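Novice: Just passing along the structure, written as structure tokens.
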Amino acid sequence: MDNHGIGSGKIGLVSGGVGVVWKHAAQRGKAGRGDTGDDAVCLCSYGSSGPRQIHSPLDGPAGVNRDVVIETALVNMYAKCGGLEFALRVFEEMRERNVFTWNAVIGGLAMHGHGRRALELFGRMNKERIMPDDVTFIGLLSACSHAGLVDEGLKYFRMMREVYQIRPRMEHFGCVVDMLCRARLLQDALAFIESMPIRPNVVMWAGLIGACRAAGDIELAERLGQRVIDLEPDICDRYVMLSNLYAGARRWDEALEVRQLMRAKGIEKAPGISWIESNGTVHEFVAGDRSHHRTEQIYTMMEEMWHRVKAAGHVTSTTDVLFNIEEEEKEHSLFFHSEKLAVAFGLISSAPGSPIRITKNLRVCGDCHSFLKAVSEVFGREIIARDRSRFHHFSGGLCSCNDFW
């Protein structure tokens with residue numbers, strides 16, 4: 001695998017292409033309408049330079065009119081690309097806002113872990129007499145879930161039905177289950193799932209199993225784990241979850257049996273992959289990766305990171321390495337996770353003090369989360385990590401998720 005410049009052509013195209021798309025649209029008199037926004041936002045989602053290039057024309061050049069559709073698309077794009085501060089700036093400067101605008105900013109705040117601010121904006125939305133819809137409440141429930149606001153979340157779930165007569169969809173039920181699971185309210189989550197008027201999906205059961213494992217309720221997790229495999233016998237994640245459950249309880253033989261069953265069915269686990277953009281090129285890393293052309297410098301930085309965070313008091317958590325090996329080997333395994341390699345590359349390839357932005361295809365593990373908090377403090381860098389479910393903003397030894405993810 002060539003990891004030197006994954007997607008470099010695409011990124012290069014974006015950095016110049018966004019300006020071309022927007023300029024061409026403006027010349028045709030289209031940039032003030034909604035039919036160009038989707039194209040520009042789609043392009044911008046690939047690179048960090050794009051958003052600044054299409055935001056500045058909206059500040060008032062000749063021929064480009066401000067429009068609620070385009071500005072709402074910008075709010076949505078910035079939030080999803082990790083530029084929450086830009087999303088909020090566009091939102092506050094808008095002359096007109098509709099329900100889609102409010103949904104975009106509430107959902108963005110939820111994704112970045114700012115639950116209280118999302119709820120405050122909903123209060124402003126009510127004062128401006130904007131009627132919320134079902135998507136508004138998905139954002140609110142997600143905000144409560146990611147911030148651990150269980151009482152508030154249950155209040156909004158009741159409100160959507162009793163005050164606004166909005167019938168809950170699977171997404172709403174899923175947010176409530178996720179919220180209860182994250183708060184380790186296992187029996188409440190189970191009772192909620194079993195009382196639902198619609199059939200729960202596998203994602204809900206999987207979330208409850210993960211919460212059971214974290215809370216140490218192995219018996220319930222094992223029972224549910226087998227049920228999930230029966231529902232989706234060809235999905236890799238279901239087997240990995242059950243195998244990890246057994247391994248976490250040091251039931252190695254049963255963990256091995258599940259892995260052997262996966263192999264017998266030809267099911268392979270997806271590897272963890274992290275990406276980071278530098279100078280218009282996307283760099284891809286997998287655990288233990290040594291294919292990058294700057295591997296020697298990256299691993300030298302990894303050693304420096306390790307020694308500095310250890311001196312600052314970081315202790316490796318080996319509970320996420322689910323194999324029957326010695327603790328020292330587990331530490332070595334965790335040391336080379338893909339997100340750590342990506343951050344190491346970011347440290348050697350970006351200006352001192354500048355933010356480091358990475359993306360990972362899986363949920364960040366507990367040790368990497370703790371490690372990146374420490375790195376943000378000892379190196380004086382903000383690290384913005386987008387994993388499978390949310391953004392993590394690491395700064396000064398803390399994370400925006402408040403260790404609740």
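The values are calculated or read from the model by the stated rules, or taken from the named source; none is laboratory data. Owing to the predicted nature of the structure, the values given are computational and were not obtained by experimental measurement. Using ideal geometry, Cβ is built from the backbone for each residue, glycine included, and neighbour counts are taken over all protein chains shown. What goes into the accessible areas is simple: the full protein's heavy atoms, side chains included, and nothing from ligands, DNA or RNA. Shrake-Rupley method; radii C 1.70, N 1.55, O 1.52, S 1.80 Å.
Novice: Using beta carbons and a limit of 8 Å, which pairs, at least six apart or on different chains, have the first residue in segment 343-370 and part of a loop (DSSP other than H, G, I, E, B) and the second one acidic (Asp, Glu) and open to solvent by less than 20 Å² (accessible area, probe 1.4 Å)?
Specialist: Listed by first residue and then by second, the contacts come to Leu362/Asp387; Arg363/Asp387; Val364/Glu339; Val364/Asp387.
Novice: Check off (1) over 20 Å from Ile138 (Cβ atoms); (2) crowded, with 20+ Cβ neighbours inside 10 Å; (3) more than 20 Å from the chain's Cα centre (by Cα) for Lys265 and give me the number that stays unchecked.
Specialist: The one condition Lys265 does not meet is (2).
Novice: OK, next. Failed condition for Val240, given (1) at pLDDT below 85; (2) of a type outside the set (Ser, Thr, Tyr); (3) farther than 22 Å from Arg184 by Cβ; (4) open to solvent by less than 70 Å² (accessible area, probe 1.4 Å), with all others met?
Specialist: It fails just one condition, (3).
Novice: Which of the residues belonging to segment 284-306 are aliphatic (A, V, I, L, M) and either in a helix (DSSP H, G or I) or farther than 20 Å from Lys360 by Cα (or both)?
Specialist: Ile298, Met301, Met302, Met305
Novice: A further question on this structure: In segment 236-250, which residues are more than 21 Å from the chain's Cα centre (by Cα) and either closer than 11 Å to Glu268 by Cα or not hydrophobic (A, V, I, L, M, F, W, C) (or both)?
Specialist: Correct list: Tyr239, Ser243, Asn244, Tyr246, Gly248, Arg250.
Novice: Here's another thing I want to ask about it. Which residue is farthest from Phe345 (Cα to Cα), if the candidates are limited to segment 385-404 and must be touching a Lys or Arg at 6+ places or on another chain (Cβ under 6 Å) and surrounded by 20 or more Cβ atoms within 10 Å (Cβ to Cβ)?
Specialist: Looking at the filtered set, the residue picked out is Cys399.
Novice: Sticking with this structure for a sec: In segment 268-283, which residue that is closer than 16 Å to Val364 by Cα and part of a strand (DSSP E or B) is most open to solvent (accessible area, probe 1.4 Å)?
Specialist: Trp275
Novice: Test Arg381 against the stated conditions and say whether it is within 21 Å of Arg308 (Cα to Cα), open to solvent by 10 Å² or more (accessible area, probe 1.4 Å) and either in contact with a strand residue (DSSP E or B) (Cβ under 7 Å, 6 or more places away or on another chain) or modelled with pLDDT of 95 or more (or both).
Specialist: On the way: within 21 Å of Arg308 (Cα to Cα): yes; open to solvent by 10 Å² or more (accessible area, probe 1.4 Å): yes; either in contact with a strand residue (DSSP E or B) (Cβ under 7 Å, 6 or more places away or on another chain) or modelled with pLDDT of 95 or more (or both): yes.
Considered against the rule, which asks whether it is within 21 Å of Arg308 (Cα to Cα), open to solvent by 10 Å² or more (accessible area, probe 1.4 Å) and either in contact with a strand residue (DSSP E or B) (Cβ under 7 Å, 6 or more places away or on another chain) or modelled with pLDDT of 95 or more (or both), Arg381 comes out as yes.
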